[in-house]
Every structure is written in C-alpha cells, then in structure tokens.
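We did not get these values from a lab; they are worked out from the coordinates using the rules stated. What you are looking at is a predicted structure, and each value in this text was computed from that prediction instead of being measured. Cβ placement follows ideal geometry from the backbone for every residue including glycine, while neighbour counts extend to all protein chains displayed.
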Amino acid sequence: MNKLSVVISLLILLFHQSNAQQQASYFTDSTHQLAEVVVAVQQKATNKKIKVLSSLDNYLENNNAINMVKRGAYAWEALINGMASERSVITIDGMRIYSACTDKMDPVTSYVEITNLSKAVIHSGQAGGANGSTIGGGIDLIRTKIDTNKLGVNASIFTGFESTNQQKIIGTSMQYAEKKFYTLLDFTYRNAQNYKAGNNIEIPFSQFTKYNLSATAGWKINHQKQIIASVIYDDARNVGYPALPMDVAFAKAFIGSVQYEYHNSKSTLYHWETKLYFNSVTHLMDDTKRPNVPVHMDMPGWANTAGFYSKLEGKMNNHNFLINLNAHYNTSLAEMTMYSKNSNEKDMFMLTWPGVHTLFGKLFVEDKIDLNKNWSANISAGLSINNNTIKNELGLTSLQIFYPNLLASKTRLLKNIAGKINYRKNQWQQSFGVGFGERAPSISEGYGFYLFNSFDKYDYIGNPTMKNEKSLEINSSTSYNTKKVSIHFQVDYFRIFNYIIGMPNNNFIPMTIGANGVKVYQQLPYVNIFNLSFSSTYRITNSLQIAGKMVYRKGNYQSLNLPQIQPISYGSTIRYQHKNFIAECAVEGALKHTNFSPTFGETGTDDYTILNLSASKQIKIFNQTVQIKTGFENLFDRYYSTFADWNKIPRNGRNFFINVVYNF
Amino acid sequence: MNVLKLFSFIAAITLFISCKKENTIIPNDTDGLISAKSISNATHNIIFYTQNGKFQQGYNKIFFQIKNLDGSLVTNATANWKPLMHMTSMQHACPYSSVSKSANSNSLYEGFIVFQMAGNSTEYWDLTIEYTIDNTTYTATERIDVEAVTKKNVLSFKGSDNVSYVLAMVAPSNPKVATNDMEAMLFKKETMMSYPVVNNYTIKIDPRMTSMGNHGSPNNVDLKQTSLNGSYFGKLSLTMTGYWKINLQLENESGTILKGEPVTATQESSSIFFEIEF
C-alpha cells in the first residue's frame, strides 16, 4: 500500500529538466511534429545530463515510450510502446541495419556510442514509418553533426569508471573544420568485468569489451550543397550474456554511407537529402566458456544491407511536407554447428536463418498543415513493397520439412496511414491521432529454424505463410507548460490484428536439449496494447526543480496476457543547479508485475525502489574546460530485476561512477 | 563449281557428323559408374560396376557388361546371378533381383543384391553369373569382396511371428537437410537360398538424433509399398546434418508390430534401426 502512496505522491512531482525541454519543443519543431526528440548527452560544456558516458541503453530507457530488454551488461533490446523490436524500425541517421544475431544480442542501438549521438528521434506508432514498416514506432539515432562555426581543431578526451563491473571507459572526440571541408572522429573503448547485482552478488558471464569508431567527413560545395561521407566501425569481443545460454565471441559492424545534401531555407523545397549506404554485421555466438554444456555449439550470423533514401522537405502556404523514398536490400544468414561429445561423429549443422534476401522499397509522405492559430493537423501515408526470397538451397529444403509447398519467394504490399489533429491555446496543448499500419513478419518469425528462446525454453519455428500484421492505433496527449510547471499526459491504444506470436505445437519434438517444446509462429486474431504515461516538472526556485513520471501498460488477447508488458513504473528527481554545479537525487521503481504471461515463461517480478545520487562540476582552466561527473546508482544496493530483464537477471547493485571530460 | 561436287561435300560432312554421333553413344553406358570387379571364363570377361566401385554390406545396385575376348561388347545376352555366402558351418544366399537389360543401353545389364553381411578372410561371398548368348549358356563364378559399412543399412531379424526378415535401406543414398524420399526393401527368409519380397506391411520410422537429446523430426511418413513385390516408400525429415538413428517398427498387414519398439522417454531406441550420417 505504501508503494501506491509513493506513486500518488510522485504524480504531483515533476520530471527532470531535459524532459521538460523535450515537451517544450514538441510542437515547435515544424517538420517532425509527430516526433518526440530526446536530445542526447554531449561531452559539451553545456550538457545538463550528469552521467555523460552512460550506455545508450540506459539513456533510451529514460523515455516513457521505451523499455529495454536486458540480456547482459550491454546491447539491450529496445521495446517501443511495449512491443518487441520486430514491431519497430530502428535506424542510424536514416539507415536500415539488420541485426545478425538470432537471439537479438546485437540490436541496432548497440552500434552507436552515446558520445557520438546528438539525439534519438522517437516516433510513436505509424509516425515512425518513414524508413520502414512499423507497428510500435521508430527510433532514428542521429549522430553528432559537426559544429562548422568552430574552425580549426577542437577536441575532447574523456574517461570513466564504474565500480559495479570495473568498467573502464576511455575515448576521444576530435573535429577539424575548414571553410570547405570538415571532419569528425570519435573513438570509445569500454572494458568491463562481471557486474555485481545487489547484495554483492556477482553475475557470471556479464563481461564485455567494445571498441567503437565513428568518422565523418564533409565537403561543402557551396553554402547550399554539401557531400558527407561517414563510417562506423564497432567491434565487441568476449561479450557475456548471463541471461542466455550462450555468449558472443565477437560482434562486428561496419556501417558506411555517402550523402548529398541541399539546403535552401528560402526555397519551397528547402531541404533535400539523399544517402547511399551499406552495412555489414557479423556475429559469432558461442558457449565455449560455459561449464556443463550438454553439446557445444557455434552460432554465427551475417547480415548485409545496402540501401538508399532520398528525403525532400518543403513548405508551401500552410503546408509543411516531407517525401521520403527509400529502398534497401538485405541478406541474412545464420548457422548453427553442434559438436557431438562423441568425437567420431560428424558435426551437426543447420541453418537457423535460411539465407533470406529481403528487398524493401517504400514511399512515405507526411504533411503538417497549420489550419489556424490554434489548430494544426498531421497526415502521413506510406506504401511499401517487401519481398523475401530464400536463396540458400539447404535453407529452403530445411523449411520445406515444415512447409512442403513453400515457395522460395514471397512478396507483400504494406500500407500505412495516420492522421493527427493538434490544438494549442495558451499553456495548453492537446492532440488526438489515429493510424493504421502493416508489417511483414521478421526473418525469425517468418523463416527461423529451431531458434531456442531461453525465456520460455521453447524452440521456435518460423512461419512463412503468415499474413501481414495490421495495427489500428489511437493516441491522445495533453500538455500544460508554464515557466514553473510542465505536465504531459499521453495515452496510446493499439489494436493489432493477425498478431504474430509463437504458440506451442505438441506434434513437434524440440531440438534443444532441455527445451519444453516447439513453438511455431502463429497469428492471434487481435490483441490490445494500452499505454499510459505521465510526466511533470515543477521549478521550485531558479536552481531547484523536482520532476516525476509514471508509466503503465497493458497488453492482452482475451484472458491471455502478452509478454514483456511494463507494470506501473515511476521515477522522481530532485535537481539542484547553481552555475556550473549540478546535484541530483533520483528515485525510480516499479510495482509488482502481476499481469505477467505464464504462457511465455514469465513468473512476475517483485516491486522495487532504488535511489541514485549524482553530482557534476565544470571547471574552466584558461580556455579549456574539465567536467567531472560522479555519483552512486542503486545506493542501497537493492537486489532487483525489472519485468524486462531476460530470465529475471538482476540489475546492477550499488554502482559508483565517475566521468571526466576534458575539452580543448 | 558443279552441283555434284557440292553435293558430295555435304554428304561427306553429314556422314562424318553422324558417325561421330554414333561413336559417342556407347561409352556413355557406364558414365558415372566405377568398375568393381571383373570375372572371367574361357570365353568372356564380365565387368561389374557400382556407383562407388565397391560391393558393400546392404543394398547394392549392380551393373555389368559382358565382353568378348576381343573386347567387343555382347548386346544380346540374357542373364541371371546367384550370390552365395560361404560361412564356416553353412552356406546361404541373400535377397537379390533378376537381371535385366538397362534402359537406353545396348550393352549394360543391371539388378540389385542385398548383402546382409560383409565378407572376411574365412567367410566370403561368391557370385555366380549364368548367361545365354544365341542359345548357348555360359557360367562364371568368382569370389567377391563385400565390404562392411560403419552405419547400419541392412537388418536381419526374427519377428514375433517367428519369420526371419531382411530389411534394407535403398534411399536416401545421398541424404540432405530436407524431407528426403526414403526407400527400403523387405524380404523374408523362406529357405537359406530364397528371400522373396514381403508385401503389404508398413515400416514405421522415427528418426532421432542421439547426440542432441535424442530429438526427432517432424512430418515423417511411414514406408508403404506402391506396387506388389516392389519397394517400400516414405518420407524422412532430417533437420540437420550429423548422425541420425532411424528407429524402425515392422508392422504386418493386420497392424501387428512384429519387431521394434516406439521411442519414448524411457525407451531410447528401437531394437531395429538404420543409421545415417552426413
């Protein structure tokens, strides 16, 4: 009961300042009206966020629409509006990247370091459909753009330490700009041992090492046109996944692009951007370090994607429109080799992703219409073609064991349309939207072959005969903003038809030793997903503010609860800021997870509350600045796990961190 | 240039092309086959071929050609054969087919022999071939080496009806990760020398991967005959490469299991099974 009173009291509390700024910018960003923009931390002197070198995972998790599924110490899977990554489109600078891991160990979000991210643009529902077909929404991770006003060399070096897993972070960011040419280079290295959960319990197989390099070079043809080339190289090694039966020997991603940009604020078509890109992800899962494995196995995966987009933004009378034409071609292949204990026997080999080639093309249009002083509307629509072809002969004959009449190729037409009406008057803003969208099954859902899910302990078989999943959504938000107070209240309701989910099939024998059975992807006639979030900020004095938030979700099909649906969760922050000093005390927690899904292996999680303390100080030495940021997370060393933690692996125990950034 | 010259030129070319065509037909007869054994008598050499150049335990598809001593091929023979196992205490034959002329071939003869055991230095197989050319009958007999295989592809067992059966796997000879067409032949031992085909039974299959928790595969189809005195056909799903144990049960026409047990949590394997490794 006292938890409930905590929640109620938090309802009147307010959320931290950056969130308030988000809300404030919510209606002022003309082209991305439907977007919620999370401004990422920068190692800039102006930065208000304390833990600048936190992982991107921790960072995204602060957004009300997002939950992060934790399988290990890093590379968490982002859920948008309570929906798994199959139902969303996550891009880096508009580029589509397919993960190469059948167990979702390499989400797209793991390829961007927080130090080279400028913002994460989060679209809820169909508004996120510009770069692909989505149900839940989209995240576009926008990397840092160079500050071309600062000519010459600007650089910073940063380092950090976290006590919970002896994590050492070191990196640098360097930019060099001339009038016509500029370049930006970011490098981050992280090395972590096993982390400790609350009560000083070590979580084995949670170590990782990671290198991330991001480089951009731009050439200004004139003040309207420029060409930008960019690469990311991300290399993670010896990554433990304590929630899974396997670890990652290495995961490598190369992401490259060339972009042409035209900008003329006076013209009707004021921005035109075209990008060609290619990315290649290699992933090797293995279990060589795990003891007592019945059968050792290697599970490498490869995903290569090439694509382009061309995005045109224009302004005409009261219309502000965007046209985005994009296409990509992906090849996904994953293997499994099992080594029998009897060394005379041949290795057991299968394709878990049967060499699926995906060709996707989309035309997306969006228009924002200012109707009058108070009213505006957004309309967006898209049409895409999605073709999947199994190119690997062994892969095709494997799946034909289950689907004897399966043809190698399948083409789908996917449609989406959404509308939103906004009203603003004085401090009040109100919006109401509806949307419809469709998506194709993911590679695993359509073509996966004996993919073991360590959560419900079933082997999953893809189903290429499934129909498109369709979603109808209704959303509404209310905001109230003054200099002292800001309140934001958001409700989303999704009714998803032909909802794709694995269901047990007792006719099949599981392949994985110890598995409970085989699930085949099926479609429920419809499911309901309901999201409610509330956040608020109250500025007590100029230097003291208090913020609070609460999120609740529900997902069900009749009496069947959907998995990974967030229980009531809350957070509250008190922040003191004076000149270059910031101190923050934050409480976060969740109520007991009662609407869990036993069908999918969930057993519910207990309620928890944790306390974090942090402080930051910026020191100026001549023309250079040093920022020192430090604090404790989970100060009382609470042992807990959230509803989204895979197999209930606990979160960090007490963690002392220190981040130092030196700009010169 | 007169017409006659042109005509003879064309005729010469035509003749040359057609000769060449004819010449290329005959060597094709044994394409893809490897000679396994040659048996000779005073008048002929008989050359046996198989897919891999060996006689092996289990089902063997065997081809042969009869050559005159001058090397020319006999194309108008009729033939039959008789394999015989010389054991230390007794002799017996094995299931085998009659011999027929291979389709689309002038000189090739074919049939199958199911060697239910391999030979060794003291116990061995010999093969007698008896053939008739232009009403004259010839014979030749010679010892042959029948190699053992490491994976069970032929079974001899006694059913609960007290009949001895020989069950041989014919296909898949080249298994794939797929739903494979499976073929087997079923014989009963009538006498030591006679092994007729058994009709109208069902051969139940349950493939299992013993190194991976003894898991099975979906959508297998038990083997049934499609024609009297013919093979038994079914579908065998192999979901990965490696070692598979194909557990078997032999069911007669009235649905009684004569041999073999279902695989259960406590019964890991049937008493009769084939093995496949690829």
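Summary of computed values
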{"quantity": "Helix B:3-25 vs. chain B, principal-axis angle (Cα, 0 to 90°, nearest 10)", "calculated": "30 degrees"}
{"quantity": "Within segment B:30-147: Cβ-based charge dipole about Cα centre, in debye rounded to nearest 20 (Lys, Arg +1; Asp, Glu -1)", "calculated": "120 debye"}
{"quantity": "Charge-dipole axis of segment A:353-483 as Lys and Arg at +1 and Asp and Glu at -1 on Cβ define it, positive-most pick from A:T482, A:I443, A:G361", "calculated": "A:T482"}
{"quantity": "Trypsin sites (Lys or Arg not before Pro) within segment A:125-205: DSSP coil, no more than 16 neighbouring Cβ in 10 Å", "calculated": "A:K145, A:K150, A:K179, A:K180"}
{"quantity": "Residue (of A:F187, A:V295, A:S376) at the positive-pole extreme of chain A, dipole from beta-carbon charges", "calculated": "A:S376"}
{"quantity": "For segment A:457-526, convex hull of alpha carbons as volume per residue, Å³", "calculated": "142 Å³"}
{"quantity": "Computed helical MRE - 222 nm, chain A, DSSP H runs ≥ 4 contributing -39500 (n - 2.57), nearest 500", "calculated": "-1500 deg cm²/dmol"}
{"quantity": "Loop chymotrypsin sites (Phe, Trp or Tyr not before Pro), segment A:608-649, which have at most 10 other Cβ atoms in a 10 Å radius of their Cβ (DSSP)", "calculated": "A:F622"}
{"quantity": "Modelled label reach - B:S194, point 7 Å along Cα→Cβ, segment B:77-108 residues with backbone N closer than 15 Å", "calculated": "B:93-96"}
{"quantity": "Karplus 3J(HN,Hα) series, Hz, for segment B:264-272 with 6.51 cos²θ - 1.76 cosθ + 1.60 (x for Gly, Pro)", "calculated": "9, 4, 9, 9, 6, 8, 7, 6, 10"}
{"quantity": "Partner lysines for B:K82 [C-alpha distance under 16 Å; skip if fewer than 8 residues away on the same chain]", "calculated": "B:K37, B:K61, B:K189"}
{"quantity": "Peptide B:206-219, shielding by other chains (average Cβ, 10 Å cutoff)", "calculated": "6"}
{"quantity": "Summed side-chain charge close to B:H86 - residues other than B:H86 whose Cβ falls under 9 Å, Lys, Arg +1, Asp, Glu -1", "calculated": "-1"}
{"quantity": "Segment B:157-278: translational diffusion in µm²/s, Stokes-Einstein, Kirkwood Rh over Cα pairs, 4 °C, 1.567 mPa s", "calculated": "88 µm²/s"}
{"quantity": "Per DSSP, loop trypsin sites (Lys or Arg not before Pro) in segment A:299-396 with at most 15 further Cβ within 10 Å", "calculated": "A:K341, A:K346, A:K373, A:K391"}
{"quantity": "Cα centroid separation - segment A:490-518 against segment A:164-233, whole Å", "calculated": "37 Å"}
{"quantity": "Under Karplus coefficients 6.51, -1.76 and 1.60, residue-wise ³J(HN,Hα) of segment A:614-627 in Hz, glycine/proline x", "calculated": "7, 8, 9, 9, 10, 10, 9, 10, 6, 8, 10, 10, 10, 10"}
{"quantity": "Segment B:154-277 - percent relative contact order, Cα under 8 Å, separation 6 or more", "calculated": "23 percent"}
{"quantity": "Difference of contour (0.36 nm per residue) and Cα-Cα distance, A:F581 to A:N542", "calculated": "12.7 nm"}
{"quantity": "Estimated [θ] at 222 nm from DSSP helical runs (n ≥ 4, -39500 (n - 2.57)) normalised by residues in chain B, nearest 500", "calculated": "-3000 deg cm²/dmol"}
{"quantity": "Paramagnetic label zone (point 7 Å from Cα along Cα-to-C-beta, A:K179; backbone N under 18 Å) in segment A:194-228", "calculated": "A:218-227"}
{"quantity": "Computed magnitude of the charge dipole of chain B (debye, nearest 20; Cβ of K, R +1, Cβ of D, E -1)", "calculated": "440 debye"}
{"quantity": "Distance in nm between pseudo-label sites at A:F432 and B:N229 (7 Å out along the Cβ direction from Cα)", "calculated": "8.4 nm"}
{"quantity": "Residue-by-residue Karplus 3J(HN,Hα) for segment A:411-418, coefficients 6.51, -1.76, 1.60, Hz, glycine and proline x", "calculated": "10, 10, 10, 10, 10, 8, 8, 8"}
{"quantity": "Spatially proximal aspartates and glutamates relative to A:K648 (Cα-Cα < 14 Å; intrachain offsets below 8 disregarded)", "calculated": "A:D456, A:E602, A:D606, A:D607"}
{"quantity": "Per-bin percent of Cα-Cα distances, segment B:30-147 [5 Å]", "calculated": "2, 11, 22, 26, 19, 12, 5, 2, 0"}
{"quantity": "Long-range HN-HN contacts of B:N180 with modeled amide H, under 5 Å", "calculated": "B:L236, B:S237, B:L238"}
{"quantity": "Computed over segment A:336-388, Kirkwood Rh from alpha-carbon pairs, angstrom", "calculated": "16.4 Å"}
{"quantity": "Relative contact order for chain A, counting Cα pairs under 8 Å that sit 6 or more residues apart, in percent", "calculated": "13 percent"}
{"quantity": "Point-charge dipole on Cβ atoms (K/R +1, D/E -1) for segment A:2-663, about Cα centre, debye to 20", "calculated": "1940 debye"}
{"quantity": "Cα lying deepest toward the dipole's positive end in chain A, options A:I385, A:N222, A:P107, charges on Cβ", "calculated": "A:N222"}
{"quantity": "Charge context of A:N200, other residues only, Cβ under 11 angstrom, K/R +1, D/E -1", "calculated": "0"}
{"quantity": "Translational diffusion coefficient (Stokes-Einstein; Kirkwood radius from C-alpha pairs) of chain A at 20 °C, 1.002 mPa s, in µm²/s", "calculated": "83 µm²/s"}
